[in-house]
1. Out of (1) open to solvent by 80 Å² or more (accessible area, probe 1.4 Å); (2) assigned to a helix (DSSP H, G or I); (3) at pLDDT 85 or above, what's the single condition that is false for Glu87?
2. What are the pairs, 6+ residues apart or on separate chains, where a residue within segment 182-208 that is surrounded by 15 or more Cβ atoms within 10 Å (Cβ to Cβ) has its Cβ under 7 Å from a residue that is of a type in the set (Asp, Glu)?
3. Can you find, within segment 143-179, the residue that is modelled with the lowest pLDDT among those that are within 21 Å of the chain's Cα centre (by Cα), acidic (Asp, Glu) and in a helix (DSSP H, G or I)?
4. Take residues that are of a type outside the set (A, V, I, L, M) and farther than 17 Å from Arg91 by Cα and tell me which of the helices (runs of 4 or more DSSP H) falling wholly in segment 21-81 contain 2 or more.
5. I'd like the residue in segment 21-48 that is over 24 Å from Arg80 (Cα atoms) and in contact with a Phe, Trp or Tyr (Cβ under 9 Å, 6 or more places away or on another chain) and, out of all such residues, is most open to solvent (accessible area, probe 1.4 Å).
6. Could you say whether any residue in segment 107-114 is hydrophobic (A, V, I, L, M, F, W, C) and surrounded by 15 or more Cβ atoms within 10 Å (Cβ to Cβ)?
7. Quick one: which residue in Thr40, Thr103 is of a type in the set (Val, Ile, Thr) and over 16 Å from Phe118 (Cβ atoms)?
8. Return yes or no: is Arg140 more than 30 Å from Lys70 (Cβ to Cβ), at pLDDT below 85 and charged (D, E, K, R)?
Amino acid sequence: QLILKDHPGHSASQHNIAKIYFHQQNLEEAERYAQRAVETEPDNYWYSVQLRDIYEQRGNFPAAIEVQEKIAAGAEAHPREAIQLSELYRRNRQDKKALSALTDFESNKGNQPAFADFKLDLLIKLGKTNEALETLSFLRQADPEYPKYYELEYELLMKEGKEDVARQKLKTLLEDDDDNGLALLQLAELYEKEGNTTLANQYISQAFAN
């Protein structure tokens with residue numbers, strides 16, 4: 001603070017004082033100094049990140065979003081900035097904007113594989129089933145051993161009333177892995193609902209035999 005007496009616009013000092021107050025959990029003072037640092041150097045990435053974090057800690061999501069929007073719009077912005085913006089929108093209960101934060105970034109920067117899991121959660125929540133299925137297809141190709149993706153795909157297909165497609169997906173899984181417990185149990189459930197207890201019991205027996 002001695003430096004600020006002689007040089008009130010010394011942004012590095014403002015930033016460091018804000019950091020001290022932040023670690024002391026004095027967020028009001030941290031915010032005051034962080035704001036001054038950003039006002040002095042609005043294009044400084046680290047100053048903006050600090051101010052965003054303080055706003056977020058104080059639960060002021062609209063202010064945090066405003067700062068993060070500027071960060072994510074930068075020409076050299078990393079994909080993590082769009083993810084951060086999306087998360088802030090989600091915390092502020094703005095799911096549509098959370099999805100737009102990711103898709104807008106991809107429109108400018110190209111497809112971002114790192115966005116896939118984030119997009120999937122949002123697409124399901126927003127009821128965009130077809131787009132969710134497309135994202136799931138990409139995720140399955142990237143990680144074919146992860147069973148959760150197959151389970152989600154099955155659930156979404158059933159939700160859309162595409163029972164025959166869902167059934168075929170399960171049978172395809174069994175062609176690749178005849179011990180796949182998920183596929184066996186889901187097929188057993190399908191046939192049980194249809195009243196075909198013979199096939200249902202066959203798949204249940206196979207599932208528990210493995």
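The values are calculated or read from the model by the stated rules, or taken from the named source; none is laboratory data. As the structure is a computational prediction, the values presented were derived from the model and not from experiment. In this analysis, Cβ positions are derived from the backbone assuming ideal geometry, glycine residues included, and neighbour counts consider all displayed protein chains. The protein model used for the area step is the full one, side chains on, heavy atoms only, and it has no ligands, DNA or RNA in it. Shrake-Rupley method; radii C 1.70, N 1.55, O 1.52, S 1.80 Å.
1. (1) is the only condition that Glu87 fails.
2. Filtered contacts from segment 182-208: Leu182/Glu151; Ala200/Glu192.
3. Glu151
4. Details: elements: 27-40, 45-57, 61-72.
Because the criterion is at least 2 residues that are of a type outside the set (A, V, I, L, M) and farther than 17 Å from Arg91 by Cα, the helices (runs of 4 or more DSSP H) in segment 21-81 that meet it are 27-40, 45-57.
5. For segment 21-48, the residue satisfying everything is Glu28.
6. Let us first name the residues in segment 107-114 that are hydrophobic (A, V, I, L, M, F, W, C), namely 114.
Then drop every residue that is not surrounded by 15 or more Cβ atoms within 10 Å (Cβ to Cβ), which leaves none.
So far as segment 107-114 goes, no, none of its residues is hydrophobic (A, V, I, L, M, F, W, C) and surrounded by 15 or more Cβ atoms within 10 Å (Cβ to Cβ).
7. Details: Thr103 fails: over 16 Å from Phe118 (Cβ atoms).
So the residue among Thr40, Thr103 that is of a type in the set (Val, Ile, Thr) and over 16 Å from Phe118 (Cβ atoms) is Thr40.
8. On the way: more than 30 Å from Lys70 (Cβ to Cβ): yes; at pLDDT below 85: yes; charged (D, E, K, R): yes.
Considered against the rule, which asks whether it is more than 30 Å from Lys70 (Cβ to Cβ), at pLDDT below 85 and charged (D, E, K, R), Arg140 comes out as yes.
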